[in-house]
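Working notes, structure below.
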Amino acid sequence: PLAGGRTALTIADVSGHGLGPSLLMASVRAALRTQLLDDSNPQSLLEHLARALADDFEHGAFITMFLGLLDPTKHELQHSNAGHGPVLVYRPAARQFDELKSTGVPLGVIVPTDYPLAPPVAFAPGDLLILVTDGIVESMDKRGEQFGVERLKSLVAKQHALPVQELARQIGRQVELHYVGDSPPDDLTVLLLRRTGP
């Protein structure tokens, strides 16, 4: 939550597994929360993060990150995207998806770099923002077939009217049924946002 009733939202994914990447993500999270006390512009926040943590990105490590600022009075989302995807908006009235593209490379790839704001996204009643980590779409079955973006879109289109908490659980369940083994090979994170009011 931010001043004026606005809300910052983010999803991020660090390359690699284990203690090193976990510590790097913890540093990014702490730095972001600190910077949000003074700044709420997604562009400058990502640019400051990239510069502040440049020395922490070693041996090819990087972090993809989507950072958005929601204004609930305008029903509008400002955002910058450091190489994170897929980022989808489902518009049930038109039965279509918009895919929000990256505005810059992942954090740690090039320093310094720019993360310009994308055009603002307006939400009509019922519109749904879908943010996931790549573990969702890259989970593989025993034939080596990924869960994929199209399967995710199909699931959202069919079940978009569910409460967002239940829709997130349904996505997780379907991915769990898809991948091989008792535990996922990568983290499975889903963040959903829907405009409910007029």
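For region 90-183, the C-alpha radius of gyration sits at 1.28 times the compact-globule guess of 2.2 N^0.38 Å, with N the residue count. Using amide H atoms built in the peptide plane, which far-off residues or other-chain residues are under 5 Å from Val87 H to H? So Val87 has HN proximity to Leu100. Computed from backbone phi with θ = phi - 60° and the Karplus coefficients 6.51, -1.76 and 1.60, the 3J(HN,Hα) list for region 174-181 is 5, 5, 4, 6, 8, 7, 8, x Hz; x is used for glycine and proline. Sorting the segments 114-124, 6-16 by their residues' average number of neighbouring beta-carbon atoms within 10 angstrom, most packed first, yields 6-16, 114-124.
The charge dipole of the chain, taken about the Cα centre with unit charges on the Cβ atoms of Lys, Arg (+1) and Asp, Glu (-1), comes to about 780 debye, rounded to the nearest 20. Computed from backbone phi, the HN-Hα couplings of region 40-57 come to 10, 8, x, 5, 5, 4, 5, 5, 5, 4, 4, 6, 5, 9, 3, 6, 7, 8 Hz, rounded to whole numbers (Karplus: 6.51 cos²θ - 1.76 cosθ + 1.60, θ = phi - 60°; Gly and Pro given as x). Ordered from highest to lowest accessible area with the whole protein assembly present and a 1.4 Å probe, Val137, Val109 read as Val109, Val137. Phi-derived couplings, Karplus 6.51 cos²θ - 1.76 cosθ + 1.60 at θ = phi - 60°, listed residue by residue for region 17-33: 9, x, 5, x, x, 5, 5, 4, 5, 4, 5, 5, 4, 5, 5, 5, 5 Hz, with x used for Gly and Pro. With the convex hull drawn over the C-alpha atoms of region 50-127, the volume per residue is 89 Å³. Using a probe of 1.4 angstrom, how much of the accessible area of region 87-198 is carbon and sulfur, in percent? Roughly 53 percent, rounded to a whole number.
When nucleic acids and ligands are ignored and a 1.4 Å probe is applied, Asp187 ends up with an accessible area of around 60 Å².
With the gyration tensor restricted to C-alpha atoms of the chain, the semi-axes of the equivalent ellipsoid amount to 26, 24, 13 Å, longest first. Here each label is just a point 7 Å from Cα along the line to Cβ, and for Met140 and Glu76 those points are 4.4 nm apart. Surface listing: Arg95, Arg173, Arg194, Arg29 arranged by accessible area from highest to lowest gives Arg95, Arg29, Arg173, Arg194, probe 1.4 Å. The simple Förster model, with R0 at 22 Å and r as the Cβ-Cβ distance, assigns Asp114 and Met25 a FRET efficiency of 0.45. For region 2-98, the alpha carbon positions stretch 46, 31, 18 Å along the principal axes, listed from largest to smallest. Excluding ligands, DNA and RNA, the accessible surface per residue across region 84-169 is 50 Å² with a 1.4 Å probe.
The values are calculated or read from the model by the stated rules, or taken from the named source; none is laboratory data. Since the structure is predicted, the reported quantities are computational estimates derived from the model, not experimental observations. Glycine also receives a Cβ, built like all others from the backbone with ideal geometry; neighbour counts cover every protein chain displayed. SASA here: full protein model, heavy atoms, side chains in, ligands and nucleic acids out. Shrake-Rupley method; radii C 1.70, N 1.55, O 1.52, S 1.80 Å.
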